[in-house]
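A.B. asks: My questions will all concern the structure given below.
The values are calculated or read from the model by the stated rules, or taken from the named source; none is laboratory data. Here the structure is a predicted model, which means the values were calculated and not measured. A quick note on method: Cβ atoms are made from the backbone with ideal geometry, for glycine too, and the neighbour counts reach across all protein chains shown.
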Amino acid sequence: MIINDSTLTKNAAGLIVTDKPTLWHCHDSRSLRALWTLSEMGVDFDVVEMTFPPRFTQANYKQMNALGTVPYFVDGQTHMTESTAICHYLVEKYQYEELRISVEHPEYGDYLNWLYMSDATLLFPQTLILRYSVLEPEERRSAQVASDYKQWYLARLKKLDQHILNREFLCDNRFTIADIAVGYALYLGETQGYSHEYSPQTLAYLNRLKQRPGFQAIQNIGKALNPLLKLQQGKTVKES
């Protein structure tokens, strides 16, 4: 359910306390991971739509989330800011077996490796591409920096290219939050216009993930507030 955060309850310390999972979300940002996980789980949750970057566009956001980043997530008295950690928290807290790998499973280490790799290895260079091609003022943008980090990102897909060659999903032959975490990184590359450089098997994997009803149900939440869509469209027109 889409809500206004001004309606939420605060405790004596001024912190928001919720009676169900609540996510502050910007369209196509990494908060999509948490939103996708909630959608796949089918739990009752609330979402607050925001314009990116919320530290500048959302009044008093930094008073709630000192980092000023997105996502922000509250579940009862639990407050979190890391997208993949939120996914991990959700499947463990609610023991949602369909999306988790247990510690006893032989692929548990691989599962964790994909979760951590999704941000540290695959998303980091993309944030720099986005910054130096779109987000910075025009005089501070750098096509060279963006190009260098794009090649860095594409090179880091080699492990995934090999791993997914004869697999449908990353772990245990089934869809898990590892696929959500890595899938978002691939999806961000698509929104930035370089998914055509993915290997055939990686592109096919991304397309399989996007066909899931859980993804399609939440893909457009917050879209009307996304200023990057206009910036990216303008950039494409200039380059065409």
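A.B. asks: Regarding segment 187-203, can at least one residue be identified that is among the acidic types (Asp, Glu), under 22 Å from residue 100 (Cα atoms) and free of Cβ contacts under 8 Å to residues at least 60 places away in the same chain? Show your work before the answer.
C.D. replies: Residues of segment 187-203 that are among the acidic types (Asp, Glu), as a first pass: 190, 197.
Cutting the leftovers down to under 22 Å from residue 100 (Cα atoms) gives us none.
No, there is no match, as no residue in segment 187-203 is among the acidic types (Asp, Glu), under 22 Å from residue 100 (Cα atoms) and free of Cβ contacts under 8 Å to residues at least 60 places away in the same chain.
A.B. asks: While we're on this one: It is to be established whether one or more residues within segment 119-141 are more than 30 Å from residue 53 (Cβ to Cβ), surrounded by 17 or more Cβ atoms within 10 Å (Cβ to Cβ) and either at pLDDT 95 or above or in the same structural domain as residue 204 (by TED's automatic domain parsing) (or both). Even if it seems obvious, please write down each step before you answer.
C.D. replies: Taking segment 119-141 as the starting set, the residues that turn out to be more than 30 Å from residue 53 (Cβ to Cβ) are none.
No, segment 119-141 contains no residue that is more than 30 Å from residue 53 (Cβ to Cβ), surrounded by 17 or more Cβ atoms within 10 Å (Cβ to Cβ) and either at pLDDT 95 or above or in the same structural domain as residue 204 (by TED's automatic domain parsing) (or both).
A.B. asks: Output the residues belonging to segment 13-67 that are out of contact with any Ser or Thr (no Cβ under 9 Å at 6 or more places or on another chain) and assigned to a helix (DSSP H, G or I).
C.D. replies: Passing the criteria: 35, 36, 37, 38, 39, 40, 41, 56, 61, 62, 63, 64.
A.B. asks: Related question: Touching a Gly at 6+ places or on another chain (Cβ under 7 Å), of a type in the set (S, T, N, Q) and at pLDDT 95 or above: which single residue out of 31, 39 fits that description?
C.D. replies: Going through 31, 39 in turn, just one is touching a Gly at 6+ places or on another chain (Cβ under 7 Å), of a type in the set (S, T, N, Q) and at pLDDT 95 or above: 39.
A.B. asks: In segment 60-117, how many are among the polar types (S, T, N, Q), crowded, with 19+ Cβ neighbours inside 10 Å and under 13 Å from the mean Cα position of the chain (by Cα)?
C.D. replies: The qualifying residues number 3.
A.B. asks: Would you point out the residue of segment 154-186, among those that are assigned to a loop (DSSP other than H, G, I, E, B) and under 19 Å from the mean Cα position of the chain (by Cα), that is nearest to residue 100 (Cα to Cα)?
C.D. replies: From segment 154-186, those assigned to a loop (DSSP other than H, G, I, E, B) are 156-157, 164-170, 172-173, 175-176; that's our starting set.
Narrowing the set further to residues that are under 19 Å from the mean Cα position of the chain (by Cα) leaves 156-157, 169-170, 175-176.
Values: 156: 25, 157: 23, 169: 13, 170: 12, 175: 9, 176: 6 Å.
Looking at the filtered set, the residue picked out is 176.
A.B. asks: Residues of segment 191-216 being among the aliphatic types (A, V, I, L, M), farther than 22 Å from residue 149 by Cβ and surrounded by 15 or more Cβ atoms within 10 Å (Cβ to Cβ), which ones? So that I can check it myself, show each step before the final result.
C.D. replies: First, the residues of segment 191-216 that are among the aliphatic types (A, V, I, L, M): 203-204, 206, 209.
Applying the additional criterion that residues be farther than 22 Å from residue 149 by Cβ yields 204, 209.
Within segment 191-216, just 209 meets the criteria.
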